[in-house]
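Worksheet for the structure shown next.
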Amino acid sequence: MSKRPIFLVTGADLAPQALALLTDFDMVYAGKTPSEDDVVRLCQQHDPVGIIVRYSKVGKQAMDAAPSLRVISKHGSGTDTIDKQAAEERGIRVVAAVGANAAAVAEQALALMLACAKSVVQLDQRMRAGHWDKATHKNVELEGRTVGVVGLGAIGLRFAKVADAMGMRVLGFDPYAKELPAFVQRADWSAILSESDVISLHCPLTNENAHLLNASTLAECKSGVLIVNTARGGLIDEQALLDAVKSGQVGAAGLDSFAIEPMVHPHRFHAEPRIVLSPHIGGITADAYVKMGVASAHNALQVLKA
């Protein structure tokens, strides 16, 4: 009796709805926080035909360890943790569940923007300490303010639509976007920096845009600008951001992604109350978990059936 082909999931689980699509395969799970070495070891041990990437990196060592590997499917939209050049050289397709978590991530970006503008975390902490700051504290009103949306894929456009509904002026920067909806005004990078009251990042991380926000670009922003990042931590120079928050050049920042994940403890951001943190969970909701799982399984199967 022949052995069934194997899918490796670089995580501890996969939605039942996704597993229902993969009943012809045996499933191997790498655990909650697999390292790149763990992935390589499991590839050597099981020689999967497909990898569904939730956590960790998948590089050329893992690909070389799995001669049967034909597809690497991202459980989400960002494929920066996959060595795409190595995959192309080996004839392995890389696919992504683009848009599956768009609603979830856009909502997280909105939550972080509002938390920054309305001092949600700081005021909660102040009240728990016995303070009543009504006479002295003033929040930021977002209606009429300008938000610069960097990256106009499914997530960025969804966030932009909500910002527009709130009465914000929406500038959009994306060199690859062709047609834009009427509520997004196309802008160049310099306009994003100089005109935005809020900058929200929704672009993939590449070699070209690493540290897109750094000491120099942050200095070009409006004083008191709010920074939101639900994309990739590498888009921001973290020390430069912290310095800008401390100086007041950046009024507050809401971050869901970081240069090193999981975040090390202690971290330079922990002592700064004007930086709101969440552990890269923007795309992790019960609904998005199912959508991403089903999309990643479907995308992988389409490659294997071709």
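The values are calculated or read from the model by the stated rules, or taken from the named source; none is laboratory data. As the structure is a prediction and not an experimental result, all values here were calculated from the model. We place every Cβ from the backbone using ideal geometry, glycine too, and count neighbours over all the protein chains shown.
From the list Gly234, Gly144, which residue is touching a His at 6+ places or on another chain (Cβ under 9 Å), assigned by TED's automatic domain parsing to the domain that holds Glu261 and modelled with pLDDT of 95 or more?
None of the others qualify; the one that does is Gly234.
Does the stretch 233-256 include one or more residues that are hydrophobic (A, V, I, L, M, F, W, C), under 16 Å from Thr81 (Cβ atoms) and out of contact with any Leu (no Cβ under 6 Å at 6 or more places or on another chain)?
Scanning the stretch 233-256, I find no residue that is hydrophobic (A, V, I, L, M, F, W, C), under 16 Å from Thr81 (Cβ atoms) and out of contact with any Leu (no Cβ under 6 Å at 6 or more places or on another chain), so the answer is no.
Return the total of residues in the stretch 127-160 being charged (D, E, K, R) and over 27 Å from the mean Cα position of the chain (by Cα).
Filtering the stretch 127-160 down to residues charged (D, E, K, R) leaves 128, 133-134, 138, 141, 143, 145, 158.
If we keep only those that are over 27 Å from the mean Cα position of the chain (by Cα) as well, we get 128, 133-134, 138.
Within the stretch 127-160, residues that are charged (D, E, K, R) and over 27 Å from the mean Cα position of the chain (by Cα) number 4.
Within the stretch 221-290, which strands (runs of 3 or more DSSP E) (wholly inside it) include 3 or more residues that are in contact with a helix residue (DSSP H, G or I) (Cβ under 7 Å, 6 or more places away or on another chain) and surrounded by 19 or more Cβ atoms within 10 Å (Cβ to Cβ)?
Here the list reads 225-229, 250-255.
Can you confirm whether Met127 is buried (at least 16 other Cβ atoms within 10 Å of the Cβ) and in the same structural domain as Asn214 (by TED's automatic domain parsing)? It would help to see each step written out before you state the result.
Details: buried (at least 16 other Cβ atoms within 10 Å of the Cβ): no; in the same structural domain as Asn214 (by TED's automatic domain parsing): yes.
Criteria not met by Met127.
What's the total number of residues in the stretch 176-195 that are in a loop (DSSP other than H, G, I, E, B) and of a type outside the set (A, V, I, L, M)? Quick ask: steps written out before the conclusion?
Start the filter on the stretch 176-195 by keeping residues that are in a loop (DSSP other than H, G, I, E, B), which leaves 176-184, 187-188.
With of a type outside the set (A, V, I, L, M) added as a condition, the list becomes 176, 178-179, 181, 183, 188.
So the count comes out to 6.
Say whether the condition of being in contact with a Leu (Cβ under 9 Å, 6 or more places away or on another chain) and under 24 Å from Tyr176 (Cβ atoms) is met by at least one residue in the stretch 282-302.
yes
Out of the stretch 177-205, which residues are in contact with a strand residue (DSSP E or B) (Cβ under 6 Å, 6 or more places away or on another chain) and among the small types (Gly, Ala, Ser)?
The answer is Ala187, Ser196, Ser200.
Can you go through Arg128, Arg186 and tell me which one is closer than 27 Å to Gly283 by Cβ, without any contact (Cβ under 8 Å) to a residue 60 or more places away in the chain and of a type in the set (Lys, Arg)?
Arg186
Going through Asp197, Asp188, Asp174 one at a time, which residue ends up being modelled with pLDDT of 95 or more and touching a Lys or Arg at 6+ places or on another chain (Cβ under 6 Å)?
Asp197
Among the numbered criteria (1) within 22 Å of the chain's Cα centre (by Cα); (2) in a helix (DSSP H, G or I), which single criterion is violated by Val170?
In the conditions (1) within 22 Å of the chain's Cα centre (by Cα); (2) in a helix (DSSP H, G or I), Val170 misses (2) alone.
Might you check whether a residue that is surrounded by fewer than 18 Cβ atoms within 10 Å (Cβ to Cβ), β-branched (Val, Ile, Thr), in a helix (DSSP H, G or I) and touching a Pro at 6+ places or on another chain (Cβ under 8 Å) occurs anywhere in the stretch 103-123?
Within the stretch 103-123, one or more residues are surrounded by fewer than 18 Cβ atoms within 10 Å (Cβ to Cβ), β-branched (Val, Ile, Thr), in a helix (DSSP H, G or I) and touching a Pro at 6+ places or on another chain (Cβ under 8 Å).
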